[in-house]
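The values are calculated or read from the model by the stated rules, or taken from the named source; none is laboratory data. Keep in mind it's a predicted model, so treat the numbers as computed, not measured. With ideal geometry, Cβ positions are generated from the backbone for all residues, glycine too; neighbour counts draw on all protein chains shown. For accessibility, only protein heavy atoms count, side chains too; no ligands or nucleic acids. Shrake-Rupley method; radii C 1.70, N 1.55, O 1.52, S 1.80 Å.
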Amino acid sequence: MSETLARIGLGEGRSAAGEDPAKRRQILEGAKRVFVSTGFDAASMNDITRESGVSKSTLYVYFRSKEELFHALIAEEREAYFADIEELLLDAEAPAVTLGRFARRLFDLMLSPEAMTAKRTVIAVASRMPELGREFYRRGPMRGLALVSDYVRRACELGSLRAEDPDLAASQFIELATAGVLRRRFFDDQAPPLSLAERDRIVDSAVRVFMAAYGPDRRD
């Protein structure tokens, strides 16, 4: 077996074509820079080849199109995003504290330049690439909403929240957590960044409103 691998160039630690993690990372980083600087529509595989520092033949071994590259970048960012926030929704006995911690991280991630670029790009191409829009929503916002909905259900079972419709309550909390900021960011890329104090003011208000509506001591 080792002799066979050596003959086809896979011995001595070498990867098969399209399976070298370092090369794939090099291409993805180059593509990311191109998409950010020129936008998805204006970007070309030639641009990505030059920015990545690889040959065109190498690029096509790993990715067949810029659409496939964009899918890969989105998937990578998404998994890092969920790995970061899932562990914040563990303590269902103290929702005010837990949701406040979660919302601060959610705020930072949702409004990061990388996340805003991805969302704007998907919206711009969704009319002609509807499958991309559906995939982005299903594996991103919809998955995030499901995490919060599950948390609300667990908190209701413990009596630390009271919500007749956990899905609706979860949607409302996510909207509250970025109230007055997210939509402006969509349309105004030059909007000044918010201070941590302003972020905390928005998040703390979101938690107070949510707990007033769904806390165990609410007045019906």
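Here residue 30 does not fit the description of being open to solvent by less than 60 Å² (accessible area, probe 1.4 Å), at pLDDT 85 or above, closer than 29 Å to residue 170 by Cα and out of contact with any Leu (no Cβ under 7 Å at 6 or more places or on another chain).
Give the residues of the stretch 167-193 that are under 17 Å from residue 115 (Cβ atoms) and crowded, with 16+ Cβ neighbours inside 10 Å, sorted by residue number. Correct list: 174, 177, 178, 181, 182, 185. Checking each residue in the stretch 125-149 for being open to solvent by 70 Å² or more (accessible area, probe 1.4 Å) and touching a residue at least 60 places away in the same chain (Cβ under 8 Å) picks out 139, 143. Selection of the stretch 194-217 for residues being open to solvent by 40 Å² or more (accessible area, probe 1.4 Å) and either part of a loop (DSSP other than H, G, I, E, B) or of a type in the set (A, V, I, L, M) (or both) yields 194, 195, 196, 197, 209, 211, 212, 213, 216, 217. Of all residues in the stretch 46-73, count the ones that are surrounded by 14 or more Cβ atoms within 10 Å (Cβ to Cβ) and touching a Ser or Thr at 6+ places or on another chain (Cβ under 8 Å). Count: 5.
Any residue in the stretch 74-97 that is open to solvent by less than 10 Å² (accessible area, probe 1.4 Å), under 25 Å from residue 209 (Cβ atoms), assigned by the TED database to the domain that holds residue 137 and assigned to a helix (DSSP H, G or I)?
The answer is yes, given that some residue of the stretch 74-97 is open to solvent by less than 10 Å² (accessible area, probe 1.4 Å), under 25 Å from residue 209 (Cβ atoms), assigned by the TED database to the domain that holds residue 137 and assigned to a helix (DSSP H, G or I).
Of all residues in the stretch 108-129, those satisfying the criterion of being part of a loop (DSSP other than H, G, I, E, B) and farther than 22 Å from residue 175 by Cβ are 127, 128, 129. Considering 63, 70, the condition of being at pLDDT 90 or above, of a type in the set (Phe, Trp, Tyr) and under 23 Å from residue 140 (Cα atoms) is satisfied by 63 alone. If you check 161, 147, 132, 168 for being of a type in the set (A, V, I, L, M) and assigned to a loop (DSSP other than H, G, I, E, B), only one passes: 161.
Pairing residues of the stretch 32-52 that are in contact (Cβ under 8 Å) with a residue 24 or more places away in the chain and among the hydrophobic types (A, V, I, L, M, F, W, C) with residues that are open to solvent by less than 20 Å² (accessible area, probe 1.4 Å) and not in a helix (DSSP H, G or I), at Cβ distances under 7 Å and at least 6 apart in sequence or on separate chains, gives 35/43.
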